[in-house]
Structures are given as C-alpha cells and as structure tokens.
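Encoded as structure tokens, the structure appears first; notes follow it.
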Amino acid sequence: MFIWFVTAVLLLLPACRSTALPELPPAEIVQNAADRMNEMPGFRFDISREGAPAYLDPDNILSFRRAAGAYAAPDKAAATVRVIGPGLITDVNVVSIAETQWQTNVATGQWEELPPNWGFNPALLFDATVGLPTILTNDVSNLQLGEPQKLPGGGSDQLLYYLTGDVAGERLYSMSGTLIGPQAVTVAMWIMPETFELVRVVVTEPEPAAGEPSIWQVDFASYGEVVDIQPPIID
C-alpha cells in the first residue's frame, strides 16, 4: 500500500510542476522579452484595432483597422494593411525601410512613396532605439505579474507569463505616427517562458467622453524568420 502511494505521488509531481512558471521579478521578465526581440533577425506580426478611427493621413480620411506582415532587423518591414474610408474598405501593401515608406495607391494599386507625415511605419514599431523594446523597458510603470495564463483564443495549452502595467504616451505617440497616445495607456503582455518571446501585447487607450475605449492587439510569431524585404519598383 505504501509503495503504491509513493508511486502515485511521484506520477503527480510533473503535472503539479507544469502549472507553475519560474518566479522572476516582473521587470526582469519584460527586460528579457525586449532583449529577445532586439536579438531576433526577424519575425511576423499581426496588428488589430477596435474603437474610434485612427487616421493614417493628415486629412483624416483613411483609418487603420488591421495589418499583418513581417519585420527584418534592423529597419525593414512589409505589411498588408486594412484601411477604411468613406464608402471604402480595402487592403493596401506597405513597405517600410527606416523612415521611408511606400504604399500601393488605394485607387490605382500602383506603388508610391508616402510623405513623412503619414502614420503607421511598421519598421519603427519594432526599432531597437525608439520602438516597442525601448518602450517596454523605459516607459512602463505599475508593472504587475499575474497568474500564468494560456493565450486567450490561442488554441494552445502553453502557459505564459502574464503582466500588466501603465505606459507613458509620449514615446508611444511618436513611434506610432500619432496613432496611439500621447495620453498614458494600459498594457497587457503575454510572454513565453524560457525563451522570453513576446507573444501578444494589448494596449488600451483611455476611454473617451463618449464611446468605447480603443484597443490595439499585436501578436508575434515565427521569431527568427527573415523575409527578404526590398524597395518596390515604381513605374
């Protein structure tokens, strides 16, 4: 009887350990995630937004809805962006190399270089000096480590570090091309244990006087994958 009891306990131990993650200070987890992102030669991203329009152009005609693409270090990105305008919902292709951007024209589908005051430069979003890694390690306050979570809607049983905090809006405002901020926002992060790969970031902007708060979700995948991104050929 005693031998059976000991055997049962030993069999249960791995299951018990699988529900916990190594205990680390929240700031160390986030720093490790930022370092991991900076080390990667490339990865894929998927960005979605809910809430009031976030306009991409100075005339407030085209607003951002979602984007899916790839980043190649140190300064290249390519994405397909869903935009919404008066009587219009369409996808445009975007290529960013450093601060230069090209986009397929909404009406003609032809490539054109964008003026510098247009928002959403995906290459800057992940830049090591002004982008997400720097924001995570310098602008987050009230950082809290919650109970480990599975990624909501992710379809995986993998437990992830789950952290929340507040983010100062000034650098976020500049990095996002004025789409997010400059007010402080709240952030939630899901980070892979052991590798410290950032799996998801959810940014919630302050609720306006009327209407729903704006929520940005960024999912990351295929860390280490490098997509060959070149300037488009303009006819």
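Data overview
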{"read-out": "Residues that are in a strand (DSSP E or B) and surrounded by fewer than 20 Cβ atoms within 10 Å (Cβ to Cβ), drawn from region 66-86", "value": "ARG66, ALA68, THR80, ARG82, ILE84, GLY85"}
{"read-out": "Whichever residue in region 141-163 is in contact with a Pro (Cβ under 9 Å, 6 or more places away or on another chain) and not in a loop (DSSP other than H, G, I, E, B) and, among such residues, is surrounded by the fewest Cβ atoms within 10 Å (Cβ to Cβ)", "value": "GLN144"}
{"read-out": "Test for SER63: is it surrounded by fewer than 20 Cβ atoms within 10 Å (Cβ to Cβ), within 23 Å of LEU132 (Cα to Cα), more than 15 Å from the chain's Cα centre (by Cα) and not basic (Lys, Arg)", "value": "yes"}
{"read-out": "Unique match (being under 14 Å from the mean Cα position of the chain (by Cα) and more than 20 Å from ALA70 (Cβ to Cβ)) among THR178, THR204, THR164", "value": "THR204"}
{"read-out": "Lone unmet requirement of (1) of a type outside the set (Ser, Thr, Tyr); (2) without any contact (Cβ under 8 Å) to a residue 60 or more places away in the chain; (3) touching a strand residue (DSSP E or B) at 6+ places or on another chain (Cβ under 8 Å); (4) surrounded by fewer than 20 Cβ atoms within 10 Å (Cβ to Cβ) for VAL187", "value": "(4)"}
{"read-out": "Odd one out for VAL203 among (1) part of a strand (DSSP E or B); (2) surrounded by fewer than 19 Cβ atoms within 10 Å (Cβ to Cβ); (3) in contact (Cβ under 8 Å) with a residue 24 or more places away in the chain", "value": "(2)"}
{"read-out": "Selection count where residues are in a loop (DSSP other than H, G, I, E, B) and either within 16 Å of VAL218 (Cα to Cα) or free of Cβ contacts under 8 Å to residues at least 12 places away in the same chain (or both), scope region 47-65", "value": "4"}
{"read-out": "Pick from region 87-134, criterion among the polar types (S, T, N, Q) and part of a loop (DSSP other than H, G, I, E, B), ranking: farthest from the chain's Cα centre (by Cα)", "value": "THR108"}
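None of the figures in this text is laboratory data; all of them are computed from the coordinates on show. Small disclaimer: the values here were computed from a predicted structure and weren't measured. Cβ: placed from backbone, ideal geometry, glycine included. Neighbour counts: every protein chain shown.
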